[in-house]
1. Of everything in the stretch 221-241 that's surrounded by fewer than 24 Cβ atoms within 10 Å (Cβ to Cβ) and out of contact with any helix residue (DSSP H, G or I) (no Cβ under 8 Å at 6 or more places or on another chain), which residue is modelled with the lowest pLDDT?
2. Suppose we keep only residues that are more than 21 Å from residue 318 (Cβ to Cβ) and in contact (Cβ under 8 Å) with a residue 60 or more places away in the chain within the stretch 347-382. Which one would you say is surrounded by the most Cβ atoms within 10 Å (Cβ to Cβ)?
3. Go through the stretch 202-218 and give me each residue that's in a helix (DSSP H, G or I) and out of contact with any strand residue (DSSP E or B) (no Cβ under 8 Å at 6 or more places or on another chain).
4. Just one of (1) at pLDDT below 95; (2) crowded, with 17+ Cβ neighbours inside 10 Å trips up residue 259, so point out which.
5. Which residue pairs have Cβ atoms closer than 9 Å, lie 6 or more positions apart in sequence or on different chains, and pair a first residue in the stretch 1-29 that is assigned by TED's automatic domain parsing to the domain that holds residue 409 and under 30 Å from residue 60 (Cα atoms) with a second residue that is modelled with pLDDT under 60 and assigned to a loop (DSSP other than H, G, I, E, B)?
6. Somewhere in the stretch 402-420, is a residue part of a loop (DSSP other than H, G, I, E, B), in contact (Cβ under 8 Å) with a residue 40 or more places away in the chain and in contact with a strand residue (DSSP E or B) (Cβ under 8 Å, 6 or more places away or on another chain)?
7. All but one of (1) free of Cβ contacts under 8 Å to residues at least 12 places away in the same chain; (2) under 30 Å from residue 150 (Cβ atoms) hold for residue 115; which doesn't?
């Protein structure tokens, strides 16, 4: 249970199949906190939502743990005061630049002639045992995602349990989180509040995908791209399978730095111009906007820099094209190593704060059409369709926060963390063992948390 009632207050009643979770999205510019019920049908009902400033993160990396902890602590305190609830445990996201993902094959011999849950888990754990040294030493496994199962008599089995077989094979998408990053986030949370336990973190790309993608898109192939301020998280799906997961250490801040360098202005001024006057391409401007000279806050009317709107948008476009090309290059590289040809029929879905940049979908679509003619992309057949993703199957209780804000594209990670906390549990693939009885109350919670910590560290 993620949340417990505060004194003299009660939580709204939940349906029988709903479970309660709390999630924290740690961004470079903002922190976002939400709690809500998640149903077995993946419906999310927000009980409380709040966001606040972030500090101590530069270009996606933690630069000041104390500053970050203070911001988290302030947000948690404001959240608990606003919604009269106390958070006991929470799920946190991991940006794509701090993950290492690979596909592995596993197998299990079926002793009874019929595939059981234990057999399935044994096959998945067999795949986990094959991960390379880098994940074992520098990364902690956070996701074991089956892509497909096979038996000696059947191919592409979705659910093997109950099938007659002598052998079960499975392909698994395994995602590891940089251990040092995970420990730093956990320490920041402890410094913010000693009473809150951090659950196994969730890859932000997976979370955001769970928030905005439709089943039909996943089936025919889609590339989901979440563009945060300091990191881009990329997740590729095809045929109901999660095939690729990776990150790029340049998000919206990369565009800001590109503008700052081009015009010789401060990053703060560049961010102001990008957010207030920027468009993804100069082609989106009206003729009368071309020669419009933009104000630079720090210069206060000085005549040193004369930046036109058309020049600003041209440099934003260059930065975005660089970003698209790098993403496609990485996808093509993975395809060439692992697949004969990858077909992405649904194109691209964009989320994140940078996805709010006017016309960004137009630039991505235009560049995808251009890259489709490149011989180096022969392994990738991708549609040029691009859309902005917003959280789906989402509702809110009265007085739970800003309804419009919660449904925006930059909340995809946050809402996805709530949904993923229920359906992407790493421990579901642990070999089944008899459950031990544990003490209840405070002692029980201490024992349980100690066991989780030991399992994670050993």
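The values are calculated or read from the model by the stated rules, or taken from the named source; none is laboratory data. None of the values given here were measured: they were computed from a predicted structure. Every residue, glycine among them, receives a Cβ derived from its backbone with ideal geometry; neighbour counts consider all protein chains shown.
1. 241
2. First, pick out the residues of the stretch 347-382 that are more than 21 Å from residue 318 (Cβ to Cβ): 347, 349, 351, 375, 378-382.
Add one more test, that the residue is in contact (Cβ under 8 Å) with a residue 60 or more places away in the chain, and what stays is 347, 349, 351, 382.
On the way: 347: 20, 349: 28, 351: 32, 382: 24.
The extreme case among them is 351.
3. Kept after step one, since they are in a helix (DSSP H, G or I), are these residues of the stretch 202-218: 204-212, 215-218.
Matches in the stretch 202-218: 210, 215, 216.
4. With (1) at pLDDT below 95; (2) crowded, with 17+ Cβ neighbours inside 10 Å applied to residue 259, the lone miss is (1).
5. 20/1; 20/2; 21/1; 21/2; 22/2; 23/2
6. Residues of the stretch 402-420 part of a loop (DSSP other than H, G, I, E, B): 402, 407-408.
With the extra rule that they be in contact (Cβ under 8 Å) with a residue 40 or more places away in the chain, the set shrinks to 402, 408.
Filter once more, keeping what is in contact with a strand residue (DSSP E or B) (Cβ under 8 Å, 6 or more places away or on another chain): 402.
So far as the stretch 402-420 goes, yes, one or more of its residues are part of a loop (DSSP other than H, G, I, E, B), in contact (Cβ under 8 Å) with a residue 40 or more places away in the chain and in contact with a strand residue (DSSP E or B) (Cβ under 8 Å, 6 or more places away or on another chain).
7. All conditions are met except number (1).
Residue by residue, here is whether (1) modelled with pLDDT of 95 or more; (2) within 19 Å of residue 211 (Cβ to Cβ) holds:
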position: 30; (1), (2): no, yes
position: 35; (1), (2): yes, yes
position: 50; (1), (2): yes, yes
position: 62; (1), (2): no, no
position: 72; (1), (2): yes, no
